[in-house]
């Protein structure tokens, strides 16, 4: 019944991951860096979400977008890493076709959400710096809701189509996926029928999320830099502007470049060793999720002040409790 609902895949109903074939003897050692990365993603992004949620002055469109980005990063990494750790530590390499398609949808859906959120954040900064007098008029609460709805509808509809096409294929050859999670083309490459529609859909996704988003992000930051440099005379302020925009662009380009290479490696027959392709497929998800709390949290003054305000308040409350406690005991 399940096979009928998945588009008539009567061949393989389960698949096996082989993400690091050259490192099979050391697979348990690989669990250590991935566990550390996962913990850092959880801690860094959760802390940033807590600070933004707790400090009222941070309830503005930009910080709400950052908060949403942190939640998406946590969910994206969680869709992959726990399963990978079970595979590395306990040799749980098998996954059902339904589970594979589900993981594929959420992995690509959440990654595409991140791309659209980065675009929304770049546009927010563009309006804030290039049209400051109209910022509150343009970026009000209704606009934030519209941006988030656009992000969900755009990513959901495109990725549902992508996964639906993959679910309609038949898999009569090998059932070994040369990856550590259900990447779209890693699964599609195992199909025994025509995969032309899937390859075209994969290319359309790259054009939609990389071609459109990267172009708009790049021009937004270039416009921001030109406005800042015209308005800023001091060399130090100019360096800060270059440093901030440059850091954001470098991280974004790493995300898009590595993601594009891994997504296209099977689509246009780019030969990349399985270990390297698997590593890049993990890094384009793990790297932004790890460094985003640093870029948008540690290096943002408003969030720094919010964190220290919470920390000082907690410290003051704890100190008051310690001082009151002995008197309370003495009174009894």
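Since every read-out is calculated from the coordinates, none of them should be taken as a lab result. Bear in mind the structure is a predicted one, so any value in this text is a computation, not a measurement. Because the Cβ atoms are built from the backbone with ideal geometry, glycine has one as well, and the counts that use them run over all protein chains shown.
Taken over the stretch 108-174, the percentage of Cα pairs per 5 Å bin, counting from 0 up to the bin with the maximum distance, is 4, 16, 18, 17, 13, 10, 8, 5, 4, 3, 2, 1, 0.
Using Cβ contacts closer than 10 Å as the measure, can you line up 107, 260, 300 from fewest to most?
On the way: 107 23, 260 16, 300 19.
Neighbour counts put them in this order, fewest first: 260, 300, 107.
Panel order for 80, 207, by other beta carbons found within 10 Å of each beta carbon, from fewest to most: 207, 80.
Exposure proxy shown here: for 114, 302, 94, the number of other Cβ atoms within 10 Å sets the order, fewest to most, as 94, 302, 114.
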